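Notes follow the structure.
The values are calculated or read from the model by the stated rules, or taken from the named source; none is laboratory data. Being a predicted model, the structure only gives us computed values, none of them experimental. Glycine also receives a Cβ, built like all others from the backbone with ideal geometry; neighbour counts cover every protein chain displayed. With ligands, DNA and RNA removed, areas are computed over all heavy atoms of the protein, side chains included. Shrake-Rupley method; radii C 1.70, N 1.55, O 1.52, S 1.80 Å.
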Amino acid sequence: FISYIINAQNVSLSIDKKPSLVQGIPNPISIFGKNCNDYLLTSNNGKIEQSNSDCKFVIYPNHVGLAKISITNKSGKLISEEHFQVKPVVFSVDIPNFKNYITDVEYFSKSAKLKLNSDDLKCLDIGWSANFELIIIAANKTTKILGHASNGSLNVIKEHFETLKKGNIII
């Protein structure tokens, strides 16, 4: 009789917040296994830092695409490799309290605010900066407005809303 004794190290990795990683921001990940301090995590897309907790890490992906995370033991032996999709931060512009069409132009022109939202950034306390183009199409002219805003609502274009008339199109 011949017997084999196999000693395997079982370890797994999970993304703590989202189903995919987001480019350029801290993405918390956890490692599950015995003696988490015995492992080293590396990536081919950005850097990985260990968080305050033993089994918690943060990855900062540099570019959109795939990120390979390798887990090795302290002697450098590869234990596991996992691949994750990296997506860019997605922003949306919202006009609170208004749907597809604006029925009361006068009310809108005096109270409208644009908000820049991102589900990817909800859990972070970071600053942001946005450059944008707003186009107002009226019956007799088209106005293009190049704007810049940071860390809050996009009130920088509020003065342009005051000139809106019924039937104008905002892009």
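Extension gain, D54 to N117, is 19.4 nm, computed as 0.36 nm per intervening residue step minus the present C-alpha separation. Accessible surface of C55, taken over heavy atoms with a 1.4 Å probe and every protein chain present, rounds to 40 Å². Applying 1/(1 + (r/R0)^6) with r as the Cβ-Cβ distance of D38 and V64 and R0 = 22 angstrom yields a FRET efficiency of 0.10.
Could you pull out the pairs from K87/K144; K56/K77; K34/K68; K87/K166 whose alpha carbons sit more than 32 Å apart here? In this structure, K87/K166 lie more than 32 Å apart at Cα.
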